[in-house]
Amino acid sequence: MKERLNQIHDEALQEIDNINSMDGLQVVRNTYLSKKSELMQFMGKMKDLKNEERAAFGQFINSIKNEISEKLEHKRKALEEAKLKEKLEKEVVDFTLPSFSYQKGSKHPFQIIVDQVSEIFIGMGYDIAEGPEVELDFFNFELLNVPKDHPARDMQDSFYIDETHLMRSQTSPVQAHVMLKAEGKGPIKIISPGKVYRRDDDATHSHQFGQIEGLVIDKNINMGNLLSTLELFAKSMFGEKREVRMRSSYFPFTEPSVEADISCFECGGKGCKLCKGTGWIEILGAGMVHPHVLEMCGFDTKEYQGFAFGVGIERVAMLKYGIDHIRKFYTNDKRFLTQFVKE
Ligand code: DAH
């Protein structure tokens with residue numbers, strides 16, 4: 001028996017040496033180590049041996065089995081390494097090939113304006129607030145002093161989702177959200193850039209556009225604070241020489257309400273095509289927060305006052321960059337988009 005076992009050992013090692021594929025490895029493993037293999041069959045014969053012989057014989061078979069196993073494992077690793085090496089050699093990268101060229105993107109003019117305005121107001125200590133674009137009628141109109149039958153709704157009678165929800169027509173409802181959250185305690189200093197939606201369509205109006213809302217609530221706030229804030233904004237945005245004038249206007253949620261103009265940055269106020277000969281360019285709506293709005297939003301009007309303003313993002317960009325049609329912001333024409341670099 002021992003002789004045959006030695007033969008099996010030698011044959012196995014010889015065959016392992018000759019293996020050159022994973023399939024071959026499996027065949028040899030089955031031949032020598034499966035239950036039905038001759039070597040394993042010898043295990044079954046141990047019971048016929050005398051007690052004193054059995055242990056030594058068992059050890060002998062095991063040592064052969066272990067040696068074959070180890071050799072097979074060795075071979076398996078060698079085969080895998082060879083395979084990897086071959087793969088790596090085949091996959092040589094040719095560094096002389098021309099590379100892809102990636103074009104550097106540029107910021108969208110809409111975002112450039114949002115960033116610039118945000119920077120100016122953050123510099124004055126304002127926080128950035130956000131509100132939902134799908135808004136409750138209650139916030140978009142009612143809390144801003146525009147009840148159901150108010151004629152001011154006509155201008156913003158826009159995209160309703162159901163009886164109570166609409167795509168917000170202005171960023172002003174963020175004022176109400178922020179005030180209610182403050183639970184009657186000032187100060188509040190926020191701006192809120194975002195998208196708004198209206199039934200509008202011409203060269204300067206689109207069904208979707210951007211606004212930046214501003215709100216300040218504190219004790220002893222007056223129109224002077226509003227004017228100086230707008231002046232600082234105008235100078236930072238359109239140049240040191242800009243002046244601001246306020247014209248009386250009407251918004252349901254401010255009293256008094258104003259429209260603010262800046263002195264024309266094209267002609268310096270002399271009158272030109274851009275300012276239609278007036279020397280002034282209308283830039284935003286603003287006013288002192290209406291006492292009724294303050295009250296509805298939980299503020300005591302004897303203690304607190306505030307001002308608010310709303311500015312159109314595309315309008316600022318169109319003025320600043322001389323863009324002639326609002327659609328250009330949304331059509332993603334690279335020739336248009338790459339012209340604007342943040343100064
Ligand atoms: N929400 C106004 C609009 O869309 C703009 C506006 C005017 C906002 C006056 C204000 C404000 O906060 O005080 O036409």
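The values are calculated or read from the model by the stated rules, or taken from the named source; none is laboratory data. Please read these numbers as outputs of a predicted model, since none were measured by experiment. Virtual Cβ from ideal backbone geometry, glycine too; neighbours counted across all protein chains shown. Surface accessibility is based on the protein's heavy atoms, side chains included, excluding ligands, DNA and RNA. Shrake-Rupley method; radii C 1.70, N 1.55, O 1.52, S 1.80 Å.
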Review point. Lys320 to Asn62: extension gain in nm, 0.36 nm per residue of separation minus the Cα-Cα distance?
Key: 84.0 nm
Exercise for review: Report the accessible area of Tyr160, computed with a 1.4 Å probe over the heavy atoms of all protein chains in place, in Å² rounded to the nearest 10.
Suggested key: 90 Å²
Revision key, fill the gap. The distance between the Cα centres of segment 9-55 and segment 223-285, in whole Å, is 96 Å
Revision key, fill the gap. Carbon and sulfur atoms account, in whole percent of the 1.4 Å probe accessible area of the chain, for 52 percent
Review point. Do the alpha carbons of any pairs in Lys276/Lys320; Lys195/Lys276; Lys107/Lys189 sit beyond 23 Å of each other, and which pairs?
Key: Lys195/Lys276; Lys107/Lys189
Practice item. Taking only protein heavy atoms into account and a 1.4 Å probe, give the accessible area per residue of segment 48-153 in Å². Key: 71 Å²
Practice item. With a 1.4 Å probe and all protein chains in place, put Met155, Met318 in order of accessible area, largest first. Key: Met155, Met318
Point to revise | Arg54 - accessible surface, heavy atoms, 1.4 Å probe, Å² rounded to 10 | key: 80 Å²
Exercise for review: Extending each Cα 7 Å along its Cβ direction at Leu79 and Glu231, get the distance between those two points in nm, one decimal.
Suggested key: 8.7 nm
Exercise for review: Assuming R0 = 35 Å, can you tell me the calculated FRET efficiency for the pair Lys273 and Glu130, based on Cβ-Cβ distance, to the nearest 0.05?
Suggested key: 0.40
Exercise for review: Calculate, for Asp201 and Asp333, the FRET efficiency according to 1/(1 + (r/R0)^6) with r their C-beta to C-beta distance and R0 22 Å; round to the nearest 0.05.
Suggested key: 0.70
Point to revise | Per residue solvent-accessible surface (Å²) - segment 3-47, probe of 1.4 Å | key: 65 Å²
Review point. Rounded to the nearest 10 Å², what accessible area does Ser69 show when all protein chains are kept and the probe is 1.4 Å?
Key: 40 Å²
**Study point:** Cα centre as origin, Lys/Arg/Asp/Glu Cβ charges: the chain dipole, Debye
**Key:** 860 debye
Exercise for review: Report the full-extension gain for the segment Arg245 to Asp10: residue separation times 0.36 nm, less the Cα-Cα distance, to one decimal in nm.
Suggested key: 74.1 nm
Point to revise | Surface accessible to a 1.4 Å probe, per residue, for the residues of segment 192-343, Å² | key: 49 Å²
**Study point:** Signed unit charges on C-beta, dipole axis of the chain, positive-most listed residue Ile221, Tyr304, Ser206
**Key:** Ser206
